[in-house]
Amino acid sequence: MYYVILATHIILAAGSLPFILLTAYRAMSAQYPAHRELARRLWPVWFYVSVTGVVVYFMISPYY
């Protein structure tokens, strides 16, 4: 189970990074409608990556 969560976390984190940077750029350059549209689609992926990062940390922490 650990490796499945870790693999999905790594793949989604690497794949979503360019879109996260693009979303942040659109927000900082006041392109709010485009930012909002991309953020709505990207938020579930970002949330999954955030939660699985903590889960992976707690799953591996007993071994350190």
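The values are calculated or read from the model by the stated rules, or taken from the named source; none is laboratory data. Remember, it's a predicted structure, so these values are computed and weren't measured experimentally. We place every Cβ from the backbone using ideal geometry, glycine too, and count neighbours over all the protein chains shown.
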Would you please list the contacts, defined by Cβ atoms under 8 Å and residues six or more apart or on different chains, that run from a residue in segment 29-51 that is under 21 Å from residue 12 (Cβ atoms) to a residue that is of a type in the set (Lys, Arg) and at pLDDT 95 or above? 35/26; 38/26
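Between 49, 54, 45, which is out of contact with any Lys or Arg (no Cβ under 8 Å at 6 or more places or on another chain), surrounded by fewer than 11 Cβ atoms within 10 Å (Cβ to Cβ), modelled with pLDDT of 95 or more and part of a helix (DSSP H, G or I)?
Numbers: 49 fails: surrounded by fewer than 11 Cβ atoms within 10 Å (Cβ to Cβ); 45 fails: surrounded by fewer than 11 Cβ atoms within 10 Å (Cβ to Cβ).
Sole residue among the options that is out of contact with any Lys or Arg (no Cβ under 8 Å at 6 or more places or on another chain), surrounded by fewer than 11 Cβ atoms within 10 Å (Cβ to Cβ), modelled with pLDDT of 95 or more and part of a helix (DSSP H, G or I): 54.
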